[in-house]
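One structure is given here, and the rest of the page talks about it.
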């Protein structure tokens, strides 16, 4: 069987929730394990971060000579930043987690761009866009608990989501221009249980001012619209496969937005099934469109 190169750019480090994911298994790890089990020789790079995973980060990393060492250092810095600024992460991210990211001498000599360009059968697991949305509204899920923050939001969020999807399509086009034979698996955004807790707090705040206020789950509404638009965008590209992972809602760390061990396993299996659609086991090569 031919070698496969699997790249992943966002939110797949294996969110460490100490009660059930102390090995820090992310969905990228699950995908590599499943492909190896099927007999493929798999390599590649997971250059995810736990924060600041924006579409423009990927563009920057692929167009500039960003070394693998540079990207791994960003991951470590990301973990430190979140532990220092987000009280939730102090509960779920052990300080030793950054020690699982090993930087070798060879990491300084190779860039993400060159690694991707040298790949023969690249598969790109793509998950980006929601962080763009929060940047554009200048807020995050936790900050939206404050009514004064919500009052500053635009009434119509669809144009903002369209802008996010436009960014994503630019990334797909860039990836495809660099490697025309790349297969892209585009992940939907999933709805974490922590959103429910935030939404209930927001609802009770608002009902104080309006007793006839109807319950509207704004987080779910935005997530559903985003996923619908992402799915429609993927249909425009022959080499992009939309992967719905909304079923992992109940498989997240209780006090975080990221999947727990079970969630990462389920997401990894769903991605593997999408990749498997493009693997021709008869002649052991990627199907071309």
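The values are calculated or read from the model by the stated rules, or taken from the named source; none is laboratory data. What you are looking at is a predicted structure, and each value in this text was computed from that prediction instead of being measured. FYI the Cβ positions are ideal-geometry reconstructions off the backbone, even for glycines, and counts take in every protein chain you see.
Key figures
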item	result
Conditions (1) surrounded by 22 or more Cβ atoms within 10 Å (Cβ to Cβ); (2) closer than 17 Å to residue 223 by Cβ: number failed by residue 125	(2)
Criterion (out of contact with any strand residue (DSSP E or B) (no Cβ under 6 Å at 6 or more places or on another chain) and either closer than 21 Å to residue 276 by Cα or touching a residue at least 40 places away in the same chain (Cβ under 8 Å) (or both)) met by exactly one of 204, 247	247
Cross-chain or 6+ apart pairs with Cβ under 7 Å, region 188-201 first and without any contact (Cβ under 8 Å) to a residue 24 or more places away in the chain and on the phi < 0 side of the Ramachandran plot, then outside any loop (DSSP other than H, G, I, E, B) and surrounded by 15 or more Cβ atoms within 10 Å (Cβ to Cβ)	199/218; 199/219
Residue among 214, 221, 170 that alone is closer than 22 Å to residue 149 by Cα and part of a helix (DSSP H, G or I)	221
Residue check, residue 116 surrounded by 16 or more Cβ atoms within 10 Å (Cβ to Cβ), farther than 21 Å from residue 86 by Cα and either at pLDDT below 85 or within 22 Å of the chain's Cα centre (by Cα) (or both)	yes
Counted residues, region 153-165 - those being over 17 Å from the mean Cα position of the chain (by Cα) and either in a helix (DSSP H, G or I) or loosely packed, with under 12 Cβ neighbours inside 10 Å (or both)	8
Residue within region 73-93 that is outside any helix (DSSP H, G or I) and more than 30 Å from residue 5 (Cα to Cα) present	yes
Any hit, region 77-100, residues being surrounded by fewer than 17 Cβ atoms within 10 Å (Cβ to Cβ), at pLDDT 90 or above, farther than 21 Å from residue 264 by Cα and in contact with a helix residue (DSSP H, G or I) (Cβ under 7 Å, 6 or more places away or on another chain)	no
Residue 273, sole failed condition from (1) free of Cβ contacts under 8 Å to residues at least 12 places away in the same chain; (2) exposed (fewer than 14 other Cβ atoms within 10 Å of the Cβ); (3) more than 17 Å from residue 183 (Cβ to Cβ)	(3)
Candidate set: region 116-142, residues that are outside any strand (DSSP E or B) and in contact with a strand residue (DSSP E or B) (Cβ under 6 Å, 6 or more places away or on another chain); chosen: the one nearest to residue 163 (Cα to Cα)	127
Residue in region 224-250 that is surrounded by the most Cβ atoms within 10 Å (Cβ to Cβ), counting only those that are part of a loop (DSSP other than H, G, I, E, B) and at pLDDT 85 or above	245
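Residue-wise test of (1) assigned to a helix (DSSP H, G or I); (2) modelled with pLDDT under 90; (3) at positive phi; (4) touching a helix residue (DSSP H, G or I) at 6+ places or on another chain (Cβ under 6 Å).
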{"residue": "10", "(1), (2), (3), (4)": "no, yes, no, no"}
{"residue": "15", "(1), (2), (3), (4)": "no, yes, no, no"}
{"residue": "18", "(1), (2), (3), (4)": "no, yes, no, no"}
{"residue": "35", "(1), (2), (3), (4)": "yes, no, no, no"}
{"residue": "43", "(1), (2), (3), (4)": "no, no, no, no"}
{"residue": "50", "(1), (2), (3), (4)": "no, yes, no, yes"}
{"residue": "60", "(1), (2), (3), (4)": "yes, no, no, no"}
